[in-house]
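Structure record follows, encoded as structure tokens.
The values are calculated or read from the model by the stated rules, or taken from the named source; none is laboratory data. None of these values were measured; they are calculated from a predicted model. Quick reminder, even Gly has a Cβ in these numbers, built from the backbone with ideal geometry, and neighbours come from all protein chains shown. Calculation scope for accessible area: heavy atoms of the full protein, side chains included, ligands and nucleic acids excluded. Shrake-Rupley method; radii C 1.70, N 1.55, O 1.52, S 1.80 Å.
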Amino acid sequence: TTLERVMVAMNRMAVEPSARGAMVQQGCLTACIAVEQKEDLPSEKTPSRKPVIAVAKMLVTTNPALLTSSQRIGAIKPLLELVRHHQSSDLSQFEALMSLTNLASLNHETKDKIVAERGLKIITYAMYSDHDQVRQAATEALCNLVPHDGMLEHLSNKENLRLWVSFSCDIEYEEKLGTARAASGCIAMATQYKEVAVALASLEDRYIKFLKTLLECGNLELMHRVLVIILNLLNAGVGLEVTKRSGAVDFCRAYVESYHDGRKSDELDFSPQERELHKTTIEMSKQVVLHKNSNT
């Protein structure tokens, strides 16, 4: 039909990043969302021919703050359907997830809509993708739902939290580091809330492995995230015994003793940004040690 041909043309134009801003300004985004919402476009239609493909491409590179509320909210359901559709390509899923990540980052209204449209279940399923970038994008999308009550409840479930801990520890290969950063970053944000902190500490042996893996991995970003998590749990008054059993406090003490005066730090081949992060991890390690001492 003529409508289908127009949508295919939209999809092809949206492939070019430099055209996307003009497409949004000229009403293409609004038109694609409107077509998606019409009942005469069957949901089983091949995803590559659906207007949501263009929606996903446009929203990957568009600041969601520049969109109207109706555009942001109207895009969420079709994007989730694109992630869920069994015929969607890895690229389409990735772009849809990145668009959802951007939308979720804006405000509570977009988080609410994603959760209301069963987004937690759909995006969690995408975390099991065989494609590294899809898996990372799904993890980042859910990360941006914190601190929505639905996401905190999701992470307070120990079975769900085990997945996040596993992803955080999966750092053997370079291509998995992005997912590990996103997963551990999500836990770092979520453990500010006691119900998630309690759930994490209750994992015990998995929590111990989690602490050991990230503290000893040699990656400053991951180390920073796990130190945030340790301090969140200690400040919430949970997990002190299991943290001590993990050897994390002893590690932090040795880390501070090795680098506190800056002499050994100068020998390390760090960029200016890494040097600042290294100083931050030293200060946080001091806090862990002092917290333990104040509770003995």
Item to check | Scan of the range 54-67 for residues that are open to solvent by 10 Å² or more (accessible area, probe 1.4 Å) and part of a helix (DSSP H, G or I), ordered by number | outcome: Lys57, Val60, Pro64, Ala65, Leu66
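Search the range 257-275 for residues being among the small types (Gly, Ala, Ser) and not in a helix (DSSP H, G or I), and hand back the single one that is farthest from the chain's Cα centre (by Cα).
Of the range 257-275, the ones among the small types (Gly, Ala, Ser) are 258, 262, 265, 271.
With not in a helix (DSSP H, G or I) added as a condition, the list becomes 262, 271.
Numbers: Gly262: 33, Ser271: 25 Å.
Only one residue fits best here, namely Gly262.
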Next on the checklist: Can you say whether His108 is free of Cβ contacts under 8 Å to residues at least 12 places away in the same chain, surrounded by fewer than 24 Cβ atoms within 10 Å (Cβ to Cβ) and not hydrophobic (A, V, I, L, M, F, W, C), as far as the supplied structure shows?
Outcome noted: no
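So, Leu145, is that one farther than 20 Å from Gly239 by Cβ, of a type outside the set (Lys, Arg) and open to solvent by 20 Å² or more (accessible area, probe 1.4 Å) or not?
No.
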Checklist entry - Which condition breaks for Ser129 when tested against (1) among the hydroxyl-bearing types (Ser, Thr, Tyr); (2) under 15 Å from Ser88 (Cβ atoms); (3) open to solvent by 50 Å² or more (accessible area, probe 1.4 Å)? => result (3)
Checklist entry - From Leu120, Leu103, which residue is touching a Ser or Thr at 6+ places or on another chain (Cβ under 7 Å), open to solvent by less than 60 Å² (accessible area, probe 1.4 Å), over 28 Å from Leu220 (Cα atoms) and at pLDDT 95 or above? => result Leu103
Checklist outcome for this item: Here the residues within the range 257-296 that are modelled with pLDDT under 75, surrounded by fewer than 16 Cβ atoms within 10 Å (Cβ to Cβ) and among the charged types (D, E, K, R) are Asp261, Arg263, Lys264, Asp266, Glu267
Checklist entry - Name the pairs: first residue in the range 120-138 and within 15 Å of His85 (Cβ to Cβ), second residue open to solvent by 10 Å² or more (accessible area, probe 1.4 Å) and among the aromatic types (Phe, Trp, Tyr), Cβ to Cβ under 7 Å, at least 6 apart or on different chains? => result Val134/Phe94
Checklist outcome for this item: Residue count, the range 181-231, condition without any contact (Cβ under 8 Å) to a residue 24 or more places away in the chain, charged (D, E, K, R) and over 20 Å from Lys158 (Cα atoms), comes to 0
Item to check | Which numbered condition Lys244 fails, given (1) under 21 Å from Gly150 (Cα atoms); (2) of a type outside the set (A, V, I, L, M); (3) surrounded by fewer than 16 Cβ atoms within 10 Å (Cβ to Cβ) | outcome: (1)
